[in-house]
Amino acid sequence: MGTPGEGLGRCSHALIRGVPESLASGEGAGAGLPALDLAKAQREHGVLGGKLRQRLGLQLLELPPEESLPLGPLLGDTAVIQGDTALITRPWSPARRPEVDGVRKALQDLGLRIVEMGDENATLDGTDVLFTGREFFVGLSKWTNHRGAEIVADTFRDFAVSTVPVSGSSHLRGLCGMGGPRTVMAGSSDAAQKAVRAMAVLTDHPYASLTLPDDAAADCLFLRPGLPGAPPFLLHRGGGDLPNSQEALQKLSDITLVPVSCSELEKAGAGLSSLCLVLSTRPHS
């Protein structure tokens, strides 16, 4: 987040959406998804919100759950935010497109400049977009196409925007993430390693790299909270979810590691970065 020149700037707000009961059934959550333990999913979501608010010091804004939107908690897919601009996405799945309405309203209320995707040929999921603080990488996946990537480039003209082919069934941020202002993390799968190699070829900036045993461990959030003197944080999947990746994460220096769990929500396709939108702004007074 942040403005040009600030890189991954300091954050002040986080937006999440509650877990609806309709997510508990595989049928409600979408074809092919397993049934969830609703109480466990809601506990995980509550702990995530608590850590964003209490541990990281962010002002937490929670949208109410909507039974007609079982995948509504995955609101990271609904917008790409940088500085004071929010690009409202056009999810690949038509059933998910109504999810953007509540997010748009919340971001408008926070005073962000809203950019719409008016091209019906474009598709874009927010978790296919990785902002490094210096540039954007947009994953070309099942969910995001070239036209969607072009709209990202048109919206955020102060930054280079490069496209990265994503193989398999993941979003880009399900394979790669930022482990610090100059560190790109990636899982160890072929898809993750192909993506991070493509990023290395496309960039003009030197990034350190860290390979994690689990792809899902790279799906994390590097945050600089707005509290005076506060160190940067890495919100990441904890040992209860991904024990094999914890030793590698300890190699990250000068960062406070904050573990959370989303093992139940993961059954509905949730990665950690899909469960919240983090931004640096102040609401209208």
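The values are calculated or read from the model by the stated rules, or taken from the named source; none is laboratory data. Note that the structure is predicted; figures quoted are calculated from it, not measured. We place every Cβ from the backbone using ideal geometry, glycine too, and count neighbours over all the protein chains shown. Accessible surface areas use protein heavy atoms only, side chains included; no ligands, DNA or RNA. Shrake-Rupley method; radii C 1.70, N 1.55, O 1.52, S 1.80 Å.
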Along segment 197-206, Karplus-curve 3J(HN,Hα) (6.51, -1.76, 1.60; θ = phi - 60°) to the nearest Hz, with x for Gly and Pro, reads 5, 4, 5, 5, 6, 7, 8, 9, 10, x
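For R147 and R53, FRET efficiency with R0 = 45 Å and r from the beta-carbon atoms, rounded to 0.05?
Details: r = 37 Å, r/R0 = 0.82.
Efficiency, from the Cβ-Cβ distance: 0.75.
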Largest-first ranking of W143, W92 by accessible area, probe 1.4 Å, whole protein assembly kept, is W92, W143
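For a Förster distance of 22 Å, can you work out the FRET efficiency between the beta-carbons of E120 and S93, rounded to the nearest 0.05? Working shown, then result.
Details: r = 14 Å, r/R0 = 0.65.
That pair, E120 with S93, gives E of 0.95.
Over the chain, average the accessible area per residue using a 1.4 Å probe and give it in Å², no decimals. Mind showing how you got there, number by number?
On the way: 11930 Å² over 285 residues.
That works out to 42 Å² per residue.
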Taking placed amide H atoms and a strict 5 Å upper bound, the residues 5 or more places from V260 or on another chain that come that close are H236, R237, G238
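Within segment 172-206, which trypsin sites (Lys or Arg not before Pro) sit in a loop by DSSP and count at most 16 neighbouring Cβ atoms inside 10 Å? Present the calculation step by step, with values, prior to reporting the outcome.
Numbers: sites: R173, R182, K194, R197; in loops: R182.
Of the trypsin sites (Lys or Arg not before Pro), the ones in loops of segment 172-206 whose Cβ has at most 16 other Cβ atoms within 10 Å are R182.
Per residue, what volume in Å³ does the Cα convex hull of the chain take up?
Working: hull volume 33.7 nm³, N = 285.
Looking at the chain, the number lands at 118 Å³ per residue.
Hey, any idea what Rg/Rh is for segment 26-184, computing Rh the Kirkwood way over Cα pairs? Present the calculation step by step, with values, prior to reporting the outcome.
Values: Rg = 16.0 Å, Rh = 16.8 Å.
Result for segment 26-184 is an Rg/Rh of 0.95.
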Taking protein heavy atoms only, a 1.4 Å probe, and rounding to whole percent, the accessible area of the chain owed to carbon and sulfur comes out at 49 percent
From the Cα centre of segment 162-238 to that of segment 116-146, the distance in Å is 16 Å
For C276 the rounded accessible area (nearest 10 Å², probe 1.4 Å, non-protein molecules ignored) is 10 Å²
